1. What 222 nm value per residue comes from the helices of the chain, counting each DSSP H run with n ≥ 4 as -39,500 (n - 2.57) and dividing by all residues, nearest 500 deg cm²/dmol?
2. In nm, what is the difference between 0.36 nm times the number of residues separating Gln162 and Val89 and their Cα-Cα distance?
3. Fewest to most neighbouring Cβ within 10 Å: what's the order for Ile355, Ile80, Ile26?
4. With both bridge residues required to lie in the chain, what share of the DSSP beta bridges run antiparallel, to the nearest 5%?
5. Quick one: if you stick a label point 7 Å off each Cα along the C-beta vector at Glu124 and Ser283, how many nm between them?
6. Roughly how big is the stretch 52-356's charge dipole about its Cα centre, with Cβ charges of +1 (Lys, Arg) and -1 (Asp, Glu), in debye to the nearest 20?
7. May I ask you to derive the FRET efficiency for Asp340 and Ser254 from their Cβ-Cβ distance with R0 = 30 Å, giving the value to the nearest 0.05?
8. Assigning unit charges at the beta carbon (Lys, Arg +1; Asp, Glu -1) and nothing else, what dipole magnitude in debye, to the nearest 20, does the stretch 221-341 show about its Cα centre?
Amino acid sequence: MEFLLKNATLPDGRSNMDIACKGGLIVAVERGIDAEAKTVIDAAGQLVAPPFVDPHFHMDATLSLGNPRLNSSGTLLEGIALWGELKPVQTVDEIISRALRYCDLAVAMGIGAIRSHVDICDDELKGVEALLEVRRQVAPYLDLQLVAFPQDGVFRAPTAKQNLNRALDMGVDVVGGIPHFERSMADGAASVRYLCELAAARGLMVDMHCDESDDPMSRHVETLAQETTRLGLEGRVAGSHLTSMHSMDNYYVSKLIPLMAEAGLHAIPNPLINIMLQGRHDSYPKRRGQTRVPELRAAGINIGFGSDCMMDPWYSLGKADMLDVAHMGLHVGQLSSRDDMRWCFEAVTENSARIMGLEGYGLARGCKADMVLLQAADPIEAIRLRPARLAVIRGGKVIASAAPQVSKLALKGRPAVVNPADYAP
């Protein structure tokens with residue numbers, strides 16, 4: 001064997017498990033594997049998981065915080081306006097540099113795959129050129145999937161349709177959209193139809209910024225579900241954000257969710273950003289903004305949590321930690337049962353891998369030898385602690401590692417070392 005992980009706990013609860021890898025693949029997952037390997041790691045009972053997956057990010061904007069200025073209102077629309085000021089003056093090399101720095105951090109935090117939207121409303125397509133180069137450079141250690149995203153509206157921006165097709169011809173993977181930012185509801189619905197037809201003709205997936213609004217009448221996800229079914233795109237289409245569902249009346253939602261389930265839509269809430277940007281026009285009571293995660297989940301809709309942003313015009317925080325994302329999604333959605341909390345871990349791993357259509361993902365024989373060893377006993381503890389990524393493995397090789405998180409105490413009569421992972425009932 002090339003790599004052997006001993007005495008691990010798996011996300012499904014199996015303990016004392018060994019994982020043997022050879023040729024970049026997992027060849028055995030069982031107890032008591034007696035084999036020699038070039039690299040052996042003793043997990044000592046701690047949790048090993050498949051890599052974290054971020055199904056919604058904006059890598060062309062990341063790490064641009066304060067350039068050209070800060071978002072003083074904290075609103076989505078001021079963030080879009082700020083981004084519009086930055087696009088003409090940033091260079092391809094600047095975008096590449098920022099994106100590669102972000103990818104370094106993401107890998108260190110155990111992220112193995114990212115779906116990034118890239119703005120195509122810049123006629124020079126600098127973001128597309130930059131992220132295609134980043135995708136090439138990071139391919140050995142990170143799966144980067146790109147979405148052609150008409151930030152200013154595919155009908156609203158004069159050259160967006162042309163640019164979007166150019167971006168897809170250059171090798172961008174997924175068709176994106178933003179129907180609620182078109183000039184009218186009718187144009188928004190028409191944009192959904194146009195973009196889904198384009199994806200169907202090209203054999204591509206769709207990921208639509210859909211109804212990222214507090215307006216309960218922003219109902220483009222209904223059109224997205226309809227077009228998905230009409231065009232036979234079931235399983236290939238995701239609705240991102242879906243925040244207007246938080247404000248819709250219950251009767252309409254009782255009709256909408258079955259339509260989404262019938263269409264096989266994926267849903268991508270972005271808890272950190274949704275809770276920060278939504279409800280900005282409310283006084284009190286103040287809406288949370290996150291879409292109806294428990295209800296969507298109960299209907300069998302696949303849900304993956306995305307991080308969306310880090311230190312850019314829309315969000316000034318973040319550290320590429322998908323467990324932070326799960327932690328916020330858990331709290332905002334009041335997902336407090338043990339089953340709910342374990343599901344939140346799935347929302348940043350296997351559910352999001354399904355959205356991206358990742359092949360060979362998981363911890364089973366025949367899967368890629370990609371995994372993360374965490375300083376936690378199980379998925380719930382991982383979300384509670386957001387612990388150290390003790391080892392990040394890609395293709396059976398350790399590509400990042402970290403020391404355990406412990407503190408030393410200098411208190412008479414008290415323990416000399418405090419390990420947060422020890423503080424469980």
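1. For the chain, the value works out to -10000 deg cm²/dmol.
2. Additional length available on full extension: 24.1 nm.
3. The fewest-first ordering by Cβ neighbours comes to Ile80, Ile26, Ile355.
4. So the antiparallel bridges amount to about 40 percent of the total.
5. So the label points at Glu124 and Ser283 sit 4.7 nm apart.
6. 360 debye
7. 0.90
8. 180 debye
Values quoted throughout were computed directly from the atomic coordinates according to the rules given, and no laboratory measurement underlies them. Not measured: the values here are computed from a predicted model. A quick note on method: Cβ atoms are made from the backbone with ideal geometry, for glycine too, and the neighbour counts reach across all protein chains shown.
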